Each structure stands twice: as structure tokens, then as C-alpha cells.
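Colleague: Attaching a single structure in C-alpha cells format; questions to follow.
No lab work stands behind these numbers, since they all come straight from the coordinates. From a predicted model like this one, the values you see are computed outputs, not experimental measurements. Positions of Cβ are generated from backbone atoms using ideal geometry, with glycine treated the same way; all protein chains shown enter the neighbour counts.
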Amino acid sequence: MLKQIYILLLFVLAVTGLQAQNGAQQQQQQAEPAYSRKKTLRDVRSNLKAERYAQADEQIQKAWKQSEEAVRDAELYNLMVNAQRGLANAENKKIFLNNRPDTAKYFDYIYKVYDYGIRCDSLDRLPNEKGRVKTHYSSNIQSQLLSYRNNIKSAGKFFYKKRRFSDAYKYFDMYLKTRHHPLLTSAKNYTVGTDTTELAVMAVYASYSAKEYDHVKQYIQLALNDTTEFSYLCQLGSQALMELKDTVSAMDYLFEGWKNEPTHDYFFITLVDYNINQHNYQEAYDIVAAQLLEVPDSHRLWYIFGKCQQCMDSIDAAVLSYEKALELNPEDALSYSSLGNIYIEKARGVYNINTYAIGTPEYAEAKQTQDKLYETARNNLEKARKYSPEDSSLWLTPLSEVYFKLNMGKELKALESLESNGSQPKSSEANNSSNQSRGSNNSSNQSRGSNNSSNQSRGSNNSSNQSRGSNNSSNQSRGSNN
């Protein structure tokens, strides 16, 4: 019984609370008068005349919250432009008087002049009930936009220098997207600035640095008119589109960059990486072949060419490419490692057809051929170890197989001891030339004003890791020792 009374009391209290809340809301609604356009306009104009710009701003904002009619009222936007102009002028006086000015706030006011001014013009150009367009505020809005045109541009550069990249982009975007607006183009003596391309470049850099990759797309094409920054912009464009999962468009920028600057390794290496990962081996082959026409004396290119040929099962051609790489750089551990693994595969091929009886001349000949191949593999793998001792992934496992097959027990025991002591194969950045080609050109990065983004844009060097291949031959079982 007591439990039922307790539950009833809780119910009564809940109902009472809801009634009180509803009553308070009704009282508040009754206390706030309905939106009156005439009164609002009169009060706003009064505040503007008395230079109470903040109060005028507050009144207009309140009206927009109260009434959909106010939201569609072009005159209110025109008055809001005047309020923002007054606030901007007041802040500008502080700058000249050095009276604790807030430059960021000043720029925010002029941005709002543009924002509200464009909205005002859009509403002002709507046809009336007779289907006619008769503007009322164009003259005022036009003069405001023109007077603050250079300030909008300066604001973008100000925030860019401060490394506030999202804010910088906002102002660059406003400047660029309004450059052909009818309010401006209809003005006497107005011309589109000659620095449009420069500002588009800065907009791309700012948005990329802010990781706002969709904004990179907005002005990348306009920015590419800058021939001095063309390659770097193609790089940023491709990386931004990769982040947006638009691989097809990203590849287009890579190709543009590669055509413009064939010796810039970033483009061709990334293209090769992508095509190999997609198993488009012929495309990767064609790209490297074209690159070799530009840089025929690059040992790294010949090494990558060999990898492409291996992927296409052109093993003998791959051997020639690795040998060419070693001719250009006799200390290239990557090429030695690749050759060693090829000769292991060749030796295994002999073992697979070695069905002759032990002791027969045919068996002896096959065994001799196999041992020669393992010896050739040993020679290459030991050189890979010599020139890259820190990167055991290039030689440890395949060399163990070779020592096992050639009955080199002492050497095999030493390698197995190396493994048992916890020396696992390391994957160091052996492909230094690829890393350096992407490099961190610090001076040029700093000149762009976004060190972090420029370093990140060059990204991780996946190609150098992938170009080694998976060394499948060394991972396969060693098999029995004939």
C-alpha cells in the first residue's frame, strides 16, 4: 500500500513539473512580442545613427531568429552591412591610435561585410510580384565591397603568416569566388587582380596545410597557372585527392606532374607504386622505360625496371637490368639481393627436374648445374650483406638456404645463431635514393609557410619498401639437400 502511494506521489510531482515548465514557456512567449518589421527597422536605424553598431547587429540577429520573414528581408541585410562597416571602422581607429587593436576582429567584420553584402544582393535581385527585378541596395553594397577588396586579400595573407590556415583559406576563398560577381564587375574601372593565380596557390597551400582536402580541389586548377609551382601543386593535388579516395583524379595529377618534370622522382615512383599495387605491371614497366630515356644513368631506375620485369616474369631481362644497376653502382645491395633470389629460383628449377638416379652422369650434370646457380646466388647475397649489413631482410633467409644447399655448415650455423640471438630481419630504408628524391627541401618548404604540411606532402616512401619485392623465393621452403 505504501509503495503504491509513493508511486502516485512521484507521478503527481512529475505532472506538476511539466505543467510549470509549460507555463514558464508560455509566459516567455507572451513576454516576447511578435516580430514587427517596421519597429525592427526603426530601432536598427536609430542604433546605426547613434553609432551603436553592436546593438544594431544584435537586433538584426534577434530578428532573424524570430522570423522567417526577417531572414528573407534584403533591407535587414543592407543594414547589417552598415553595422559591420561601423564596427570595422571603430576597430580600425584603434589600429591607427595603437589603442589595443584586435586585427583579427577587424578582418572578421570586413568578412561579414562581404558575406552579408552578397546575401543582400541575392535577395535584392529576386523578381517582385510582377516578375520584375528592381534593385534597391546595389549601390551601397557595391561601394562597401570595393572599399574592402584589398583588405579581404590582406586578411588571407595575415592569417597565412600566422599559420591559421583555415582562416586564411576563408578569406582567400571569399576574394577569389567574388572576383567575377556582378556587383564588382559592373563597377567602373574594376578589373580582376593580376595576383589571382598567386592567391589561388596560397589558397591551395592553406587548405592542404589545414587538411581540408576538399578545398584543395576548389582552386587547384586555377593555381596550376603558376608554372614555377606547377610540379609541387600537382603533388599536393594528387595527395589531397588520395585522401579523398579519388584515385583516378589523383593519378591524373601525377601524370601531369611527371610530364612537366620527368626528373622529379616523386611522380614516377608514386605512379610505379600504384600500378604495381594494382597489378598493372605493363603500365609500371612503360613508365619506368620512359623515365630511363630521361635518366639512363640512374642505377635506382634500372633496379626498379628489373623489379617490373620480374613481376612480368621476364626473368632474364630482369637479370640484365640488375646487372646494369650494379654497373652504375657496384655497392647496390638491393640489386645484389634481387639477383641472389633469382638464382635461387633458377637452382630450384634444376632440382624440380632432377629425377635422375643418383650416380648417373645425368644426375651429376644436373647437380653441377644446380650448385653453380647456388654459388652465383651466394656471391650476390654475400655482397648484399656486405653493403647492407644492417638490413638483414635482404640476405639472411635466402643466404641460409644457399649455405644449406652447398653444405656450408659453419656459415649456416653462424646465420642460425644470428637468428636465434633475436636478430630478426630488419626492414631499413635501404632505398636512400628514393627517399632523398622526395627529400625535405626545407628552404622551399619554409618559403611556402607550411613546413609541416610540406613535409607530410612528400609522405612516406612506400615505393622504396615495395620495390624490394616480397622475396618470395627466400621465404619458400629450402627443401631437402640433395
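Colleague: Please give the peptides 173-186, 328-341, 191-204 ranked by average Cβ packing (other Cβ atoms within 10 Å per residue), highest first, as a rough proxy for protection. Before the final figure, lay out the partial values.
Modeller: Values: 173-186: 16.2, 328-341: 23.5, 191-204: 18.2.
Most protected by this proxy first, the peptides run 328-341, 191-204, 173-186.
Colleague: Same structure, new question: Taking +1 at the Cβ of each Lys and Arg and -1 at the Cβ of each Asp and Glu, which of A240, P182, G257 sits farthest along the dipole of the range 172-269 towards its positive end, judged by Cα position relative to the Cα centre?
Modeller: P182
Colleague: What pairs from K39/K130; K188/K211; K130/K170; K62/K157 go past 30 Å between their alpha carbons? Let's see the in-between values first.
Modeller: Working: K39/K130 27 Å; K188/K211 39 Å; K130/K170 38 Å; K62/K157 33 Å.
Going by Cα-Cα distance, K188/K211; K130/K170; K62/K157 fall outside the 30 Å limit.
Colleague: Want the number for R125 to T369: 0.36 nm per residue separation, take away the alpha-carbon distance, what's left?
Modeller: Working: separation 244, 0.36 × 244 = 87.84 nm, distance 8.85 nm.
So the chain would gain 79.0 nm between R125 and T369.
Colleague: Same structure, new question: So which aspartates and glutamates can K383 reach, going by Cα to Cα under 12 Å and dropping same-chain residues fewer than 8 places off?
Modeller: E331, D332
Colleague: Between the range 261-311 and the range 112-140, how many Å separate their Cα centres?
Modeller: 57 Å
Colleague: Simple spin-label model, 7 Å along Cα-to-Cβ: T135 to D102 in nm?
Modeller: Taking the simple label geometry, T135 and D102 are separated by 3.3 nm.
Colleague: I want to check the label-to-label distance for R37 and S166. Put each point 7 Å from Cα in the C-beta direction and report it in nm to one decimal.
Modeller: So the label points at R37 and S166 sit 3.7 nm apart.
Colleague: Compute the Kirkwood hydrodynamic radius of the range 195-265, taking the inverse of the mean of 1/r over all pairs of distinct Cα atoms, and give it in Å to one decimal.
Modeller: On the way: mean 1/r = 0.0849 Å⁻¹.
Computed over Cα pairs of the range 195-265, the Kirkwood hydrodynamic radius comes out at 11.8 Å.
Colleague: For a Förster distance of 41 Å, can you work out the FRET efficiency between the beta-carbons of E327 and N225, rounded to the nearest 0.05?
Modeller: Working: r = 43 Å, r/R0 = 1.05.
The calculated FRET efficiency here is 0.40.
Colleague: Calculated FRET efficiency, E69 and S46, Cβ-Cβ r, R0 25 Å, to nearest 0.05? List each step's numbers first, then the result.
Modeller: On the way: r = 21 Å, r/R0 = 0.82.
Given R0 = 25 Å and the Cβ-Cβ separation, E is 0.75.
Colleague: Same structure again: Calculate the spin-label point distance for E411 paired with E212, positioning each point 7 Å from the Cα along the beta-carbon direction, and give it in nanometres.
Modeller: In this crude label model, E212 to E411 measures out at 6.2 nm.
Colleague: Also, I was wondering about something else. Enter the mean projected area of the convex hull around the alpha-carbon atoms of the range 209-338, in nm², rounded to one decimal. Don't skip to the answer; put the middle values down first.
Modeller: Working: hull surface 34.7 nm².
Hull-based average projected area comes out at 8.7 nm².
Colleague: If you don't mind, another one. Sort 213-222, 399-408 for me by packing, meaning the mean count of neighbouring Cβ atoms within 10 Å per residue, highest on top.
Modeller: Details: 213-222: 19.0, 399-408: 21.2.
Answer by packing, highest mean first, reads 399-408, 213-222.
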